[in-house]
Amino acid sequence: MPTLTELHPLTIHGRVRSLTFPDRLFLAPMEGITDAVFRDVVIPLGGIGGACTEFVRISANPVPEKVIRRYFGVARCDVPVGVQLMAADAQNLTVTIASAERCGAPWIDLNFGCPAPVVFNKCAGSAMLAKPDAMALIVRTAVAAATVPVSVKMRAGITDAGRLAEVLCAVAEAGAAMITLHARLRIHGYHQPAHWPWIAEAVAVLRRCGHHVPVIGNGAVDVASDVGRMFGETGCDGVMIGRAALADPWIFACARGAPAPTPAQAVGFVFAYAAAIRAVRSDSVCHNKLKQLTRWYRAGGLFVDREAERTALLRGDQLDDMLTWYQTAAGG
Ligand SMILES: Cc1cc2nc3c(=O)[nH]c(=O)nc-3n(C[C@H](O)[C@H](O)[C@H](O)COP(=O)(O)O)c2cc1C
C-alpha cells in the first residue's frame, strides 16, 4: 500500500510562483509519443500528478511561441503540464522561457538526459553531464528568467556515474526546484535495466549538501507494483513512468489501488485515442500512432496468447483493419 508521504501532494517553488502536483506520479516526456493528444487521453484515466511536453530544442534562435503552443496544447488546471526545453547553452533561454510562460507553462523542465547522437554530438541533452558548470549556468539563467519553478531531468552519467554527486549539487545550487533522475547512463540508451541505487544516492547527496530538492525517480517502472517498490527502495519524492504508460495507461491509477482495466476499457482507450488523433491529424498519422501503441500495449490482456495477431497488426497497412481487430478483441 502507498505510504502517507507518497500520497501527499508535492509542492515545488519558483522564484515568484509555486506549483502543487496533486499526486507524486509523473508521466515521462517521450518524443513522438506523449504529445498533447496522448496526454489528453491518458491524464483523465487518473493517478498522474504531472506531465511535461516532449523536449523542445533551443538552437540558433529562441523557440517561437507558436511552436511551444503546438507542443503544449491547451493549459490544464487539474494536472500541471510543464514545457521541457533542451539547450546546449544559456543563449536564447530567457526569451524562450518568456514565450513558454505566455503559453501557460506552470513550470519549465530542462532536459539533460537525451542520449540520441544527433543531440549528444551538438553538446546538448546528456552531453551536458560532462560539464556541471555549464549545466549550472543554464539552470541559473532559467531560474532567473522564469517566474515559475524550473526542474531538471537528467541521467546518472555518460559512461559512469562518477560525477553524479557533483552534477546534482551544481544544479541544486543553481536553483533547480525538482530533479528527475533517469537511473541509466547515456551509454545504456533505454535498454539496460535501470540502477535504482543511483536514485537513493541522489536523495542522500542532496540532503547532505543541504538542498531539499525533491527527487523524482525514473527508469524501469514496468508494472504498478514497481511504483511502491521504487518509493520504498530509494526514498524518492515522486516516480516518473515512461514506456509502461504506453503499455498500460492505467498504471498510474492502478498504483493508487484502482482495478486493472477490463478488455472493453482497454479497447475503449484505443478508440478514444484514435478519435482524438483523427480530430487533428490524418488517418495515416493515426494508423502509425496506433501501431506505436499496439507495439507496447498490454492493457486489458488483449494480446495474451495473441502475439502473432499483434505482429500481423503491426505489418498491416489499413487503419480500418486495425480498428476492426480491436472491436472484435472486445467481443463487440
Ligand atoms: C521514444 C522515447 C522518447 C523520449 N523522449 C524524451 C523527451 O522528449 N524528453 C525526455 O526528457 N526524455 C525522453 N525520453 C526518456 C523518458 O522520459 C524516460 O526517461 C525513459 O523512457 C525511462 O523511463 P522508462 O524506463 O519508464 O521508459 C524518451 C524515451 C523514449 C523511449
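The values are calculated or read from the model by the stated rules, or taken from the named source; none is laboratory data. Everything numeric here is computed off the predicted structure, so don't read it as measured data. Reconstructed Cβ throughout: ideal geometry from the backbone, glycine too, with neighbour counts over all protein chains shown. Side chains included, ligands, DNA and RNA excluded: accessible areas come from the protein's heavy atoms. Shrake-Rupley method; radii C 1.70, N 1.55, O 1.52, S 1.80 Å.
Each row is one residue, and each column tells you yes or no for (1) closer than 25 Å to residue 131 by Cα; (2) more than 16 Å from the ligand (Cβ to nearest atom); (3) part of a helix (DSSP H, G or I); (4) not β-branched (Val, Ile, Thr).
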residue	(1), (2), (3), (4)
51	no, no, no, yes
54	yes, no, no, yes
62	yes, yes, no, yes
70	no, no, yes, yes
74	no, yes, no, no
79	no, yes, no, no
83	yes, no, no, no
89	yes, yes, no, yes
95	yes, yes, yes, no
Pair list, Cβ under 8 Å, 6 or more apart: the range 295-318 residue in contact (Cβ under 8 Å) with a residue 40 or more places away in the chain, other residue open to solvent by less than 70 Å² (accessible area, probe 1.4 Å) and among the aromatic types (Phe, Trp, Tyr): 297/303; 299/250; 299/269
Test: residue in the range 207-216 that is within 14 Å of the ligand (Cβ to nearest atom) and farther than 24 Å from residue 159 by Cβ: no
Among (1) more than 23 Å from residue 310 (Cα to Cα); (2) within 12 Å of the ligand (Cβ to nearest atom); (3) not in a strand (DSSP E or B) - the single one residue 258 does not satisfy: (2)
Among residues of the range 163-174, those that are assigned to a loop (DSSP other than H, G, I, E, B) and either within 14 Å of the ligand (Cβ to nearest atom) or surrounded by fewer than 19 Cβ atoms within 10 Å (Cβ to Cβ) (or both), counted: 1
Helices (runs of 4 or more DSSP H) contained in the range 262-332 and holding at least 1 residues farther than 22 Å from residue 36 by Cβ: 263-278, 307-315, 319-329
Residue satisfying condition, being near the ligand (Cβ under 10 Å from one of its atoms), open to solvent by 10 Å² or more (accessible area, probe 1.4 Å) and modelled with pLDDT of 95 or more, within set 204, 220, 224: 220
Residue 263 vs. criteria surrounded by fewer than 20 Cβ atoms within 10 Å (Cβ to Cβ) and in contact (Cβ under 8 Å) with a residue 60 or more places away in the chain: yes
Residue under evaluation residue 37, criteria (1) away from the ligand (no atom under 13 Å from the Cβ); (2) open to solvent by 50 Å² or more (accessible area, probe 1.4 Å); (3) at pLDDT 95 or above, criterion not met: (2)
Leading residue by the ranking (most open to solvent (accessible area, probe 1.4 Å)) among those in the range 142-162 that are over 19 Å from residue 119 (Cβ atoms) and in a loop (DSSP other than H, G, I, E, B): 160
Test result for residue 184, under 17 Å from the mean Cα position of the chain (by Cα), modelled with pLDDT of 95 or more and among the charged types (D, E, K, R): yes
Sole exception among (1) within 23 Å of residue 113 (Cβ to Cβ); (2) open to solvent by 10 Å² or more (accessible area, probe 1.4 Å) for residue 258, by number: (1)
Residue within the range 86-104 that is closer than 19 Å to residue 216 by Cβ and not small (Gly, Ala, Ser) present: yes
Residues satisfying the stated conditions in the range 175-201, i.e. near the ligand (Cβ under 9 Å from one of its atoms) and either closer than 16 Å to residue 25 by Cβ or in contact with an Asp or Glu (Cβ under 9 Å, 6 or more places away or on another chain) (or both): 180, 182
